[in-house]
Each structure stands twice: as structure tokens, then as C-alpha cells.
Amino acid sequence: MSSVAISIRTLERPGVLSEITGMLAARGINITYAHLYVERDGYGSIYMELEDIDDVDGLVEEIRSSRIVVDVRIHRSLEKIYGKRIIIIGGGAQVSQVAMGAISEADRHNIRGERISIDTIPLVGEKELAEAVSAVGRLPRVAALVLAGSLMGGAITEAVERVKREHDIIVISLNMPGSVTGAADIVVTDPIQAGVMSVMAVADTAVFDIEKVRGKRF
């Protein structure tokens, strides 16, 4: 059996998703990731990553035969294209410094065949930051979260603890006042170094044992 990523362009109408997933269920195919969105002019798109497929060509032909389907395409998965994902959240200037270190280090590993992508969002405010941290658990492919700010605690710390409890995500924090440093796996003073370490912590091509440094400050 194989795995595959598939994008389906459809007419936009009720019941489209149900019809497509019904075809998959009948073939015993498991959906590992799905994303739906509406295009212009009454069309919609469904992107799915699937596993346990015996007959990819037969599946494509069955989907194409539906009257609601306009086009079907096969792709490499987002995991293979973009790889592991590092999310950087916090104050604008510090986020940019962390991103600088992470992008520079990721470039070194990606040249050697790794796939690591970096996402950033500058935010302020306890509620906004806590909401963003909680949402990390709903994002696909996230391997590490870096918190870059000058003061974080309260609801942000609670969100970090929940994300760590429910997901396999490494959390790195800049050294700052607030309780969030006690919830992080690693605390780093220099923002550029924090970015570098976030990549090293998730890269298969790095010699880095997260368990040996977990709970330490740098």
C-alpha cells in the first residue's frame, strides 16, 4: 500500500466533501490531513493526504467520474516538500532575530536534503499570544515552537503546558521574566542562538540530543 497527496477541484455545493470521503471510506483509505477552501466563480478545492491506498490510478479515475469534480491532481505530500515546521511567536524585533538564526541554520541542513520550514508571527498581548500558542497544536507538521518576547506568563504558560502535554512539540523560550520559561524545554538568552537551536533540535542531519539539554538555560 502507498501514501499520496491529492488535490480535487470541484463545483461548490453542499455534500461535496461527503461524496469524496465516501469514495475513500469504501476503499478503506485513511485521511491523514485535509484542507478545504473556496475558489472564485463557484469552485472549491479539497487537498488531502492519504494512506493505505491499493490502487492510486483507480481512485483517481473514480473521483474524476463524479459530476461535481472538475480536476484531480497527484502531488508529493507537504511533509516531503516543506518538511518539519518551526513556529516563532512573540515581539516583532526578537521574532526577526530568532527567524534570522533559524533560517540560516535551516539552509545548512536543507542543502543536505533536510526539509525544515520557518513560520513567524509578531504578536503582543497575553490573550493574543496564548491563543496563538494553543493554535500551534492545530497546525500540521509543527516540530518546534519558539517564544520570543520580553515578558510571558499566565495564560501563555498554560497554553504552552497544554501544547506540550497533547503534542510532540519542542518548546524553546527566550530568557525573559514570567513563568513561561519554567514550562519551556530549553531557555536561550540570545535570540539568534535560539533560532539555531530550534533547527538543530528537530533536524535529522544535526548531532543534537534534546534530552541532554532539556530544562537547561543557555
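The values are calculated or read from the model by the stated rules, or taken from the named source; none is laboratory data. Fair warning: this is a prediction, and the values are worked out from it, not measured in the lab. Every residue, glycine among them, receives a Cβ derived from its backbone with ideal geometry; neighbour counts consider all protein chains shown. Ligands, DNA and RNA are excluded from the accessible area calculation, which covers all protein heavy atoms including side chains. Shrake-Rupley method; radii C 1.70, N 1.55, O 1.52, S 1.80 Å.
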Number of the condition not met by Ser77 [criteria: (1) within 17 Å of the chain's Cα centre (by Cα); (2) of a type in the set (S, T, N, Q); (3) modelled with pLDDT of 95 or more] = (3)
inquiry  = Can you find a residue that is among the hydroxyl-bearing types (Ser, Thr, Tyr), in contact with a Phe, Trp or Tyr (Cβ under 7 Å, 6 or more places away or on another chain) and either open to solvent by 10 Å² or more (accessible area, probe 1.4 Å) or in contact (Cβ under 8 Å) with a residue 12 or more places away in the chain (or both) anywhere in the range 195-209?
reply    = no
task = Determine whether the range 74-97 contains at least one residue that is among the β-branched types (Val, Ile, Thr), farther than 23 Å from Ile192 by Cα and touching a residue at least 60 places away in the same chain (Cβ under 8 Å).
result = yes
key: When residues of the range 51-92 are limited to those that are out of contact with any strand residue (DSSP E or B) (no Cβ under 9 Å at 6 or more places or on another chain) and in a loop (DSSP other than H, G, I, E, B), the one nearest to Val202 (Cα to Cα)   = Asp55
task = Hey, can you tell me all the residues within the range 1-47 that are aliphatic (A, V, I, L, M), farther than 15 Å from Arg64 by Cα and part of a strand (DSSP E or B)?
result = Val4, Ala5, Ile31, Ala34, Leu36, Val38
task = Please work out which one of (1) more than 17 Å from the chain's Cα centre (by Cα); (2) in contact (Cβ under 8 Å) with a residue 60 or more places away in the chain; (3) within 17 Å of Phe218 (Cα to Cα) is the condition Thr181 fails and give its number.
result = (2)
ask   = Quick one: would you say Met152 is surrounded by 15 or more Cβ atoms within 10 Å (Cβ to Cβ), within 20 Å of the chain's Cα centre (by Cα) and closer than 17 Å to Gly90 by Cβ?
value = no
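One line per residue, one yes/no per condition, for (1) at pLDDT below 90; (2) more than 17 Å from Arg73 (Cβ to Cβ); (3) surrounded by 14 or more Cβ atoms within 10 Å (Cβ to Cβ); (4) out of contact with any helix residue (DSSP H, G or I) (no Cβ under 8 Å at 6 or more places or on another chain):
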position	(1), (2), (3), (4)
Ser3	yes, no, yes, yes
Thr10	no, no, yes, no
Pro14	yes, yes, no, yes
Gly22	no, yes, no, yes
Tyr33	no, no, yes, no
Asp41	yes, yes, no, yes
Gly44	no, no, yes, no
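Matching residues to (1) part of a strand (DSSP E or B); (2) at pLDDT 95 or above; (3) crowded, with 19+ Cβ neighbours inside 10 Å; (4) hydrophobic (A, V, I, L, M, F, W, C):
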residue	(1), (2), (3), (4)
Val98	no, yes, yes, yes
Gly101	no, yes, yes, no
Ser104	no, yes, no, no
Ile121	yes, no, no, yes
Val124	no, no, no, yes
Leu139	no, no, no, yes
Leu145	yes, yes, yes, yes
Thr157	no, yes, yes, no
Val160	no, yes, yes, yes
query = Taking the condition assigned to a strand (DSSP E or B) and of a type outside the set (Asp, Glu), does Ser117 pass?
reply = yes
